[in-house]
Amino acid sequence: MRLVSLLPSATEIVYALGLDESLVGVTFECDEPPAARSEKAIVVGGRDTSGMTPAEIDRYVRAQLAAGADLYTLHARALADLEPDLILTQDLCRVCALPSGHVDDALGYLGCQADVLSLDPHSLEEVLDSILAVGQRAGAPDRAARLVGELRARLARIAAAVAGRRRPRVAVIEWVDPPFTAGHWIPDLVTAAGGLPVAASPGAPSVPVNWAAIAAAAPELVVVAPCGYHLPGAAEQARSVARALPGIPVWAIDADGIVVRPGPRLVDGVEAIAALLHPQAVPAAPPRTVSRVTPPG
């Protein structure tokens, strides 16, 4: 079977299932593992925002969406030339990846008969289900079941370690200018790590708020996880959060690695957050996953 992934999380799922030899096409954002972007055909491009500030990125995205323009460019002919059997895409977020409807339209125009699987999880449980769905459609259901079983076992170990402990109030910031609090599966990560998510909308899209509203939710700890950034970028942005929310401990986390992409590494995110909340009960977070921005009180 020939697979094409049109979102980074699906690419990670494919590799985690050991199906990388079947993967023939990815997007320009599929950077985990690095071999995905260097060894596979790029069939979706987009604007490089690495030199832009969060406020500039927000204005660009809002302007594109208001104009009805796409944030991503599907190289439709290149996609068809790969002759895929299964294409993995999404409809969850126009900012995160190309919607599946665009893919269907392009395939219809080109006469390509590929199957399209849209992965649209809203919760941590649905992320695990999406791994099973990829395995089922890609002909590797047993591999998917084993992987999900291993992920569930790790979650169970964290749950046992934090059971009975007080749950600190945690706000996760997914964007800093303007501020957005994290939704979808991210509050589930906090809950699984032994925390109480506040200023959050579990299962719903991330929403713009103001700093006063976040402060009013009385978080005991803030985790800065800006979509599209790994730990260095998150740490830089977390400093502005610390200024906006004085007196509250602020941590930065590898957002793209272990928080915002709905794939297997979300369990790494649960383990890392648990290490922040309950350092006496669980092992320390691995290097280059979290960083404290505010000094201990």
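The values are calculated or read from the model by the stated rules, or taken from the named source; none is laboratory data. Just so it is clear, the structure is predicted and the values come from calculations on it, not from any experiment. Note that we place each Cβ from the backbone using ideal geometry, even for glycine, and neighbour counts take in every protein chain shown. To get the accessible areas, we keep the full protein, side chains included, count just its heavy atoms, and leave off ligands, DNA and RNA. Shrake-Rupley method; radii C 1.70, N 1.55, O 1.52, S 1.80 Å.
Of the residues making up region 28-43, just one is at pLDDT 90 or above and of a type in the set (Val, Ile, Thr), namely Ile42.
For region 257-269, the criterion of a residue being under 19 Å from the mean Cα position of the chain (by Cα) and over 30 Å from Leu88 (Cβ atoms) is satisfied by no position. Scanning region 10-30 for residues that are open to solvent by 40 Å² or more (accessible area, probe 1.4 Å) and either farther than 20 Å from Pro121 by Cα or not in a helix (DSSP H, G or I) (or both) gives Gly18, Asp20, Glu21, Phe28, Glu29. Do we have Gly51 as at pLDDT below 90, touching a Ser or Thr at 6+ places or on another chain (Cβ under 6 Å) and either surrounded by fewer than 16 Cβ atoms within 10 Å (Cβ to Cβ) or in a helix (DSSP H, G or I) (or both) here? No. Scanning region 214-234 for residues that are over 22 Å from Arg59 (Cα atoms) and of a type in the set (Gly, Ala, Ser) gives Ala215, Ala216, Ala217, Ala218. Please enumerate the residues belonging to region 181-230 that are more than 25 Å from Arg166 (Cα to Cα) and of a type in the set (Phe, Trp, Tyr). Within region 181-230, Trp211, Tyr229 qualify. Scanning region 131-169 for residues that are small (Gly, Ala, Ser) and within 24 Å of Gly194 (Cα to Cα) yields Gly149, Ala153, Ala156, Ala159, Ala160, Ala161, Ala163, Gly164. Here Arg261, Arg288 are screened, and the one residue that is part of a loop (DSSP other than H, G, I, E, B), surrounded by 22 or more Cβ atoms within 10 Å (Cβ to Cβ) and either out of contact with any strand residue (DSSP E or B) (no Cβ under 9 Å at 6 or more places or on another chain) or among the hydroxyl-bearing types (Ser, Thr, Tyr) (or both) is Arg261.
Restricting region 100-113 to residues that are within 18 Å of Cys30 (Cβ to Cβ) and either open to solvent by less than 20 Å² (accessible area, probe 1.4 Å) or within 14 Å of the chain's Cα centre (by Cα) (or both) leaves a set whose member that is modelled with the highest pLDDT is Val103.
For region 264-285, the tally of residues that are in a loop (DSSP other than H, G, I, E, B) and under 17 Å from Ala238 (Cβ atoms) stands at 1. Within region 240-255, the set of residues being open to solvent by less than 40 Å² (accessible area, probe 1.4 Å), without any contact (Cβ under 8 Å) to a residue 40 or more places away in the chain and not in a loop (DSSP other than H, G, I, E, B) comprises Ile253 only.
Listed by position, the helices (runs of 4 or more DSSP H) inside region 121-234 whose residues that are within 20 Å of Arg292 (Cβ to Cβ) and open to solvent by less than 40 Å² (accessible area, probe 1.4 Å) number at least 3 are 186-192.
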